[in-house]
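Everything on this sheet refers to the single structure shown next.
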Amino acid sequence: MNLEGSSAIVTGGASGIGEASARQLAAAGSRVVIADLNVEKGEAVAAELGGLFVKCDVSRDRKSTRLNSSHTDISRMPSSA
């Protein structure tokens with residue numbers, strides 16, 4: 001799978017299934033935004049993958065809506081939170 005030039009927000013991307021998803025997306029060429037509450041782990045994963053980290057609680061609609069609208073070129077959004 002070639003995802004060069006795409007972007008993805010991965011909720012829960014700092015660990016577990018979310019982290020694995022973020023790693024697969026990045027390996028396929030996607031720029032990944034890690035959205036998670038765990039700042040330390042999220043920043044580390046994002047840095048390793050050349051992506052971005054955003055502290056976000058997707059259980060709160062207002063914050064997750066703002067996250068989506070601030071990244072208008074996002075083509076994928078796996079939710080693992």
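The values are calculated or read from the model by the stated rules, or taken from the named source; none is laboratory data. Note that the structure is a prediction, hence the values are computed from the model and not measured. For neighbour counting, all protein chains shown are included, and Cβ atoms are generated from backbone atoms with ideal geometry for every residue, glycine included. Surface accessibility is based on the protein's heavy atoms, side chains included, excluding ligands, DNA and RNA. Shrake-Rupley method; radii C 1.70, N 1.55, O 1.52, S 1.80 Å.
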> Restricted to segment 13-22, and to residues that are open to solvent by 10 Å² or more (accessible area, probe 1.4 Å) and in contact with a helix residue (DSSP H, G or I) (Cβ under 7 Å, 6 or more places away or on another chain), which residue is farthest from ALA46 (Cα to Cα)?
Replying inline: SER15
> Considering only segment 7-60, how many residues are assigned to a strand (DSSP E or B) and hydrophobic (A, V, I, L, M, F, W, C)?
Replying inline: 10
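Kindly provide the set of residues from segment 31-43 that are open to solvent by 10 Å² or more (accessible area, probe 1.4 Å) and touching a residue at least 24 places away in the same chain (Cβ under 8 Å), ordered by number. Show your work before the answer.
Start the filter on segment 31-43 by keeping residues that are open to solvent by 10 Å² or more (accessible area, probe 1.4 Å), which leaves 31, 36-41, 43.
If the condition is that a residue be open to solvent by 10 Å² or more (accessible area, probe 1.4 Å) and touching a residue at least 24 places away in the same chain (Cβ under 8 Å), then ARG31, ASP36, ASN38, LYS41 are the ones that fit.
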